[in-house]
1. Report, by residue number, each residue of region 273-308 that is touching a helix residue (DSSP H, G or I) at 6+ places or on another chain (Cβ under 9 Å) and charged (D, E, K, R).
2. Could you tell me which numbered condition Lys161 fails, if it satisfies all but one of (1) modelled with pLDDT under 95; (2) assigned to a helix (DSSP H, G or I)?
3. Tell me, which residue of region 215-236 that is outside any helix (DSSP H, G or I) and in contact with a Leu (Cβ under 8 Å, 6 or more places away or on another chain) is farthest from Ser302 (Cα to Cα)?
4. Counting only residues that are surrounded by 23 or more Cβ atoms within 10 Å (Cβ to Cβ) and small (Gly, Ala, Ser), which one in region 186-210 is farthest from Lys77 (Cα to Cα)?
5. With the condition kept exactly as written, say whether any residue in region 74-95 is of a type in the set (Val, Ile, Thr), in contact (Cβ under 8 Å) with a residue 60 or more places away in the chain, under 15 Å from Leu292 (Cβ atoms) and surrounded by 18 or more Cβ atoms within 10 Å (Cβ to Cβ).
6. Tyr173 - would you say it is at pLDDT 90 or above, under 24 Å from Asp40 (Cβ atoms) and crowded, with 21+ Cβ neighbours inside 10 Å?
7. How many residues does region 100-154 hold that are of a type in the set (Val, Ile, Thr) and either farther than 26 Å from Asn52 by Cα or over 21 Å from the mean Cα position of the chain (by Cα) (or both)?
8. Kindly indicate the residue of region 195-229 that is of a type outside the set (A, V, I, L, M) and within 16 Å of the chain's Cα centre (by Cα) and also farthest from Val308 (Cα to Cα) among those meeting that condition.
Amino acid sequence: MGSPQKGKQSVAFDKGVYIRESASIVGTKEGEGPLGALFDMVASDDMMGCDNWEAAESTLQKEALSLALGKAGLTHKDIRYLLAGDLLAQTVASSYGLMDFETPILGMYGACSTCGEALGIGSMLIAGGYADTLACVTSSHFASAEKEFRFPLSYGSQRPKCSTWTVTGSGAYVLSASSTSGARARITGITSGRIVDYGIKDSFNMGCCMAPAASDTIAQNLQDFGRKPSDYDKIFTGDLGTVGQQALIDLLNAKGIEIAAQHDDCGMRMYDSIRQKTEAGGSGCGCSAAVLSAYILPRIESGEWKRVLFVPTGALLSKTSFNEGQTVPGIAHAVVIEKV
């Protein structure tokens with residue numbers, strides 16, 4: 001049997017790695033957006049009945065995972081591992097949201113790329129025989145993220161046109177080694193991303209901070225698998241928005257790679273930026289996670305798209321790095337998802 005390693009940064013899965021089920025839950029603003037009717041649940045209150053924003057985000061994860069398990073006809077006892085992450089310090093939204101499931105948990109942090117990281121590591125665990133069934137969960141919350149990284153909401157700071165709006169939402173995925181009980185799609189490969197830093201210090205311009213990493217990972221995926229952009233029906237980045245999308249296309253054009261015909265972005269799909277005043281689009285760990293479940297997977301299931309490259313993107317900053325004047329490096333993890 002040949003090595004599953006492909007090229008410099010990728011892995012191909014000859015054995016089945018299946019997305020058995022998924023679920024998405026979003027906040028009120030996201031529910032009012034273009035994809036509102038597609039999500040499994042839209043909260044009537046962004047506080048989720050809790051006393052603080054962080055507890056609300058934990059509830060998002062708990063509800064999303066419960067929905068995904070219920071749709072799959074499983075309970076937490078059927079899950080070998082939970083792979084979970086969020087944007088808060090020490091991933092507390094995941095810790096408090098998922099502890100009652102009493103399942104071994106592996107904390108993930110790749111900023112807004114965390115969904116891709118979790119699906120990638122989860123796929124390797126399944127393919128390696130270390131788990132038959134596991135779950136991946138990520139979340140973000142607009143208010144908890146603003147509190148964590150920028151200013152209190154009551155400060156009322158003005159948002160520049162290049163900024164993205166942190167999505168209040170969560171996505172959960174049940175991965176399985178078998179499709180006998182049904183599957184929404186199959187994961188056939190991954191390309192783990194490198195940290196890429198172009199020296200940008202503007203934490204509001206997340207799209208341009210993350211676009212170089214997306215460019216690097218997409219180019220590496222094409223090289224490692226010997227593919228061209230047209231071998232994918234769609235190449236979805238996670239959180240670049242309109243500004244980051246143009247930066248990505250320009251960066252890849254400079255490498256002789258044209259993806260404009262295939263490219264789409266979860267952050268651009270989440271909101272009507274003009275009507276909802278979300279500037280460049282959406283971002284956050286919950287952005288790509290919710291859009292993948294509600295918008296992308298149904299089109300793969302139906303056969304409209306046969307193969308999609310899913311590339312969540314993350315900006316690796318913290319309050320400390322920002323206040324010390326550090327740059328904002330980016331990272332992107334790619335997941336190849338195909339029709340079963």
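1. Answer for region 273-308, where residues must be touching a helix residue (DSSP H, G or I) at 6+ places or on another chain (Cβ under 9 Å) and charged (D, E, K, R): Glu279, Glu304, Lys306, Arg307.
2. (2)
3. Here is the first cut: in region 215-236, the residues outside any helix (DSSP H, G or I) are 226-228, 232-236.
When the remaining residues are screened for being in contact with a Leu (Cβ under 8 Å, 6 or more places away or on another chain), the result is 228, 232, 234-236.
Numbers: Lys228: 24, Tyr232: 16, Lys234: 14, Ile235: 18, Phe236: 18 Å.
Of everything passing the filter in region 215-236, Lys228 is farthest from Ser302 (Cα to Cα).
4. Ranking the qualifying residues of region 186-210, first place goes to Gly207.
5. First pass over region 74-95, keeping only residues of a type in the set (Val, Ile, Thr): 75, 79, 91-92.
Narrowing the set further to residues that are in contact (Cβ under 8 Å) with a residue 60 or more places away in the chain leaves 79.
Remaining after also requiring under 15 Å from Leu292 (Cβ atoms): none.
Checked against the condition, which is being of a type in the set (Val, Ile, Thr), in contact (Cβ under 8 Å) with a residue 60 or more places away in the chain, under 15 Å from Leu292 (Cβ atoms) and surrounded by 18 or more Cβ atoms within 10 Å (Cβ to Cβ), region 74-95 yields no hits at all.
6. Working: at pLDDT 90 or above: yes; under 24 Å from Asp40 (Cβ atoms): yes; crowded, with 21+ Cβ neighbours inside 10 Å: yes.
The answer is yes for Tyr173.
7. As a first pass, look at region 100-154 and keep what is of a type in the set (Val, Ile, Thr): 103, 105, 114, 121, 126, 133, 137-138.
Still in the list and also either farther than 26 Å from Asn52 by Cα or over 21 Å from the mean Cα position of the chain (by Cα) (or both): 103, 121, 126, 133.
Adding up the residues that qualify gives 4.
8. Keep residues of region 195-229 that are of a type outside the set (A, V, I, L, M), which gives 197-199, 201-205, 207-209, 212, 215-217, 220-221, 223-229.
Right, trim to within 16 Å of the chain's Cα centre (by Cα) and you get 207, 217.
Numbers: Gly207: 21, Thr217: 14 Å.
Step by step, filter region 195-229, then rank; the result is Gly207.
The values are calculated or read from the model by the stated rules, or taken from the named source; none is laboratory data. Every value quoted in this text rests on a predicted model; they were computed, and no experiment measured them. With ideal geometry, Cβ positions are generated from the backbone for all residues, glycine too; neighbour counts draw on all protein chains shown.
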